[in-house]
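> Questions regarding the structure given below will be posed in turn.
The values are calculated or read from the model by the stated rules, or taken from the named source; none is laboratory data. Just so we're clear, the structure is a prediction, and the values are computed from it rather than from any experiment. Cβ: placed from backbone, ideal geometry, glycine included. Neighbour counts: every protein chain shown.
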Amino acid sequence: MSSNKRSQTSRADIFANIRRGLKHDISESQRQQAVANRLSDKADNLIPARSQLPATEQVELFKVMAIEAAAELIELESIEQVPQACADWLADNQLNELNSASNAELSALDWSPLAQQQITRSERVAQAGDIASLTSSFAGIAETGTLMLHSSAQSPTTLNFLPDNHLVVLHRSAIVGCYEEAWKKLRQTFAAALPRTVNMITGPSRSADIEQTLQMGAHGPKKLIILLIKD
């Protein structure tokens with residue numbers, strides 16, 4: 001056997017051993033089931049005691065932690081109040097533009113209150129220099145007052161980070177106690193395929209890297225406004 005053929009045979013043997021070690025000789029469906037079994041069998045990490053609360057107390061803890069993280073909180077009775085709340089907040093802060101996610105929940109609302117305040121609303125990918133954005137959130141995490149958001153065609157990740165002001169809709173029923181519960185909820189909701197990007201946002205962006213001087217909006221929005229909806 002020539003040296004070239006021996007080299008090819010050795011290479012094929014090496015790759016075959018790797019495939020066997022990685023169990024790549026099984027079908028795609030078997031691999032997916034193996035991953036699902038591994039995720040479902042994994043025990044939870046140590047859960048902080050402060051997040052092990054009844055649902056109502058989790059909501060109250062989320063509110064306390066979010067405000068402590070310098071987020072603004074606006075409580076609303078229903079999702080239909082979101083346009084008026086956005087119009088009032090933008091007008092109070094002398095802002096006249098809002099770039100919104102285009103998911104069904106937001107697009108279906110009556111946005112005439114913005115027009116009455118001469119505020120322009122658009123639905124597009126955010127760009128540098130945008131004033132304010134509006135998105136929905138997937139979950140709220142009570143232990144740290146954190147929002148979990150995921151990307152989609154209707155809500156690109158740029159909306160979360162490029163505008164100076166980020167308004168976020170959060171339903172009270174979407175608040176969970178700890179990070180583990182939020183990830184479980186995400187995996188259950190998107191069992192077929194996880195979103196491309198998942199963001200955890202706790203308060204507005206800030207940094208004290210330079211001479212330990214706090215700088216708001218260092219890597220994202222200067223203000224985070226949570227519109228908390230009572231279900």
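> Is it true that residue 70 is of a type in the set (A, V, I, L, M, F, W, C) and at positive phi? Break it down stepwise before answering.
Numbers: of a type in the set (A, V, I, L, M, F, W, C): yes; at positive phi: yes.
The answer is yes for residue 70.
> Same structure again: How many of the residues making up segment 124-155 are among the β-branched types (Val, Ile, Thr) and either touching a strand residue (DSSP E or B) at 6+ places or on another chain (Cβ under 7 Å) or not assigned by TED's automatic domain parsing to the domain that holds residue 170 (or both)?
Going through segment 124-155, the residues among the β-branched types (Val, Ile, Thr) turn out to be 125, 131, 135, 141, 144, 146.
In the following step, the residues that additionally are either touching a strand residue (DSSP E or B) at 6+ places or on another chain (Cβ under 7 Å) or not assigned by TED's automatic domain parsing to the domain that holds residue 170 (or both) were identified as 131, 135, 141, 146.
Here the count works out to 4.
> Residues of segment 95-118 being surrounded by 20 or more Cβ atoms within 10 Å (Cβ to Cβ) and within 20 Å of residue 222 (Cβ to Cβ), which ones?
98, 99, 100, 101
> So if I check each of 18, 26, 47, which one is surrounded by 13 or more Cβ atoms within 10 Å (Cβ to Cβ), out of contact with any Leu (no Cβ under 9 Å at 6 or more places or on another chain) and modelled with pLDDT under 95? Please lay out each step first, then the result.
Working: 18 fails: surrounded by 13 or more Cβ atoms within 10 Å (Cβ to Cβ); 26 fails: surrounded by 13 or more Cβ atoms within 10 Å (Cβ to Cβ).
Going through 18, 26, 47 in turn, the sole match is 47.
> Can you tell me how many residues in segment 141-163 are part of a loop (DSSP other than H, G, I, E, B) and in contact (Cβ under 8 Å) with a residue 60 or more places away in the chain? Write out each step before concluding.
Within segment 141-163, the first condition is being part of a loop (DSSP other than H, G, I, E, B), and the residues that meet it are 142-145, 151, 153-154, 156-157, 162-163.
Now restrict to residues that are in contact (Cβ under 8 Å) with a residue 60 or more places away in the chain: 142-145, 163.
Of the residues in segment 141-163, 5 are part of a loop (DSSP other than H, G, I, E, B) and in contact (Cβ under 8 Å) with a residue 60 or more places away in the chain.
> In this structure, is residue 198 within 23 Å of residue 96 (Cα to Cα), crowded, with 16+ Cβ neighbours inside 10 Å, under 14 Å from the mean Cα position of the chain (by Cα) and of a type in the set (A, V, I, L, M, F, W, C)?
Working: within 23 Å of residue 96 (Cα to Cα): no; crowded, with 16+ Cβ neighbours inside 10 Å: yes; under 14 Å from the mean Cα position of the chain (by Cα): yes; of a type in the set (A, V, I, L, M, F, W, C): yes.
Here the answer is no, as residue 198 does not meet what is asked.
> Filter segment 71-89 for residues that are in contact (Cβ under 8 Å) with a residue 60 or more places away in the chain and closer than 15 Å to residue 131 by Cα and give the result.
Matches in segment 71-89: 86, 89.
> Could you list all residues from segment 139-173 that are among the small types (Gly, Ala, Ser) and in contact with a Phe, Trp or Tyr (Cβ under 7 Å, 6 or more places away or on another chain)?
The first filter runs over segment 139-173 and keeps only residues among the small types (Gly, Ala, Ser), leaving 139-140, 142, 145, 151-153, 155, 173.
The answer is 140, 142, 145.
> Among (1) among the aromatic types (Phe, Trp, Tyr); (2) in contact (Cβ under 8 Å) with a residue 60 or more places away in the chain; (3) over 25 Å from residue 193 (Cβ atoms), there is one condition residue 111 misses while meeting the rest; what is its number?
(2)
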